[in-house]
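Scroll down for the structure; my scribbles are underneath it.
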Amino acid sequence: MTESLLTIEQELTALADEMAAFVERGEEVPDALRARVREYVQREELKVTAIGNVLMRLKREAKTCADEANELTMRSKRKLASMDRLKKFVAQVMQAHGIDKMESATVTLTRLAGRESIECPDPSVIALRWRRLIPESFEPDKKRVADALDAGEPLPSGFVVKQGEPTLRVYR
């Protein structure tokens, strides 16, 4: 069954045209021609079945791959969450004991201060200068406030600076 479906369909079309010519002339369609049509119809059925089987198998395999990819993604997320919990714990222990850096022969752990973030507990008290227009609403423009702080301006009213959790960097 190495013939393509296209080849089989082309041959069936040619055979059908040949049969139609016999009918138009009012002649009897030869048994040999009818036998060839039956043969090609059988080939077509086998080919369609084979193609359908391959498509169904590929769909099953694709689903299996997607399921495996999803499981790997979930495993990766669990591993990253475990890593984050351990890093947070070690950073807290180091902070509690005033340790900024720990070293072994192969690894260095460095505690870094948490990142500061600009928070706005009550947006209603913020001057328009410190807001940006989001379609249909105003929201605090924390980036602009951070830039102003970096430029030496005082913290506008309504904003507070919040210290983030300490983090841990691992070097090899």
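The values are calculated or read from the model by the stated rules, or taken from the named source; none is laboratory data. Model, not experiment: these values are computed from the prediction. Reconstructed Cβ throughout: ideal geometry from the backbone, glycine too, with neighbour counts over all protein chains shown.
Every condition in (1) surrounded by fewer than 12 Cβ atoms within 10 Å (Cβ to Cβ); (2) touching a strand residue (DSSP E or B) at 6+ places or on another chain (Cβ under 6 Å); (3) of a type in the set (K, R) holds for K79 except the one numbered (2). Would you say S104 is of a type in the set (G, A, S), modelled with pLDDT of 85 or more and under 17 Å from G164 (Cβ atoms)? Spelling it out, it is not the case that S104 is of a type in the set (G, A, S), modelled with pLDDT of 85 or more and under 17 Å from G164 (Cβ atoms).
Scanning region 1-46 for residues that are touching a residue at least 24 places away in the same chain (Cβ under 8 Å) and part of a helix (DSSP H, G or I) gives L5, I8, E9, E11, L12, L15, V37, Y40, V41, R43, E44, L46.
Against the list (1) over 38 Å from the mean Cα position of the chain (by Cα); (2) in the same structural domain as E11 (by TED's automatic domain parsing); (3) part of a helix (DSSP H, G or I); (4) at pLDDT below 95, the condition K59 fails is (1).
Find the strands (runs of 3 or more DSSP E) located wholly in region 117-172 whose residues include 1 or more that are among the aromatic types (F, W, Y) and touching a residue at least 40 places away in the same chain (Cβ under 8 Å), and list them.
On the way: elements: 131-134, 137-140, 160-163, 167-171.
Answer list for region 117-172: 167-171.
Does region 118-131 include one or more residues that are closer than 30 Å to V93 by Cβ and either surrounded by 11 or more Cβ atoms within 10 Å (Cβ to Cβ) or not β-branched (V, I, T) (or both)? Walk me through it before giving the result.
From region 118-131, those closer than 30 Å to V93 by Cβ are 118-119; that's our starting set.
Those left that are additionally either surrounded by 11 or more Cβ atoms within 10 Å (Cβ to Cβ) or not β-branched (V, I, T) (or both): 118-119.
Yes, the conditions are met somewhere in region 118-131.
Which of the residues belonging to region 62-94 are over 30 Å from T167 (Cβ atoms) and either assigned by TED's automatic domain parsing to the domain that holds G114 or β-branched (V, I, T) (or both)?
Narrowing region 62-94 to residues over 30 Å from T167 (Cβ atoms): 62-68.
Within region 62-94, just T64 meets the criteria.
Would you mind stating whether R78 is more than 30 Å from T108 (Cβ to Cβ) and assigned to a helix (DSSP H, G or I)? When the stated conditions are applied, R78 does not pass them.
Scanning region 81-105 for residues that are of a type in the set (S, T, N, Q) and either part of a helix (DSSP H, G or I) or in contact (Cβ under 8 Å) with a residue 60 or more places away in the chain (or both) yields S82, Q92, Q95.
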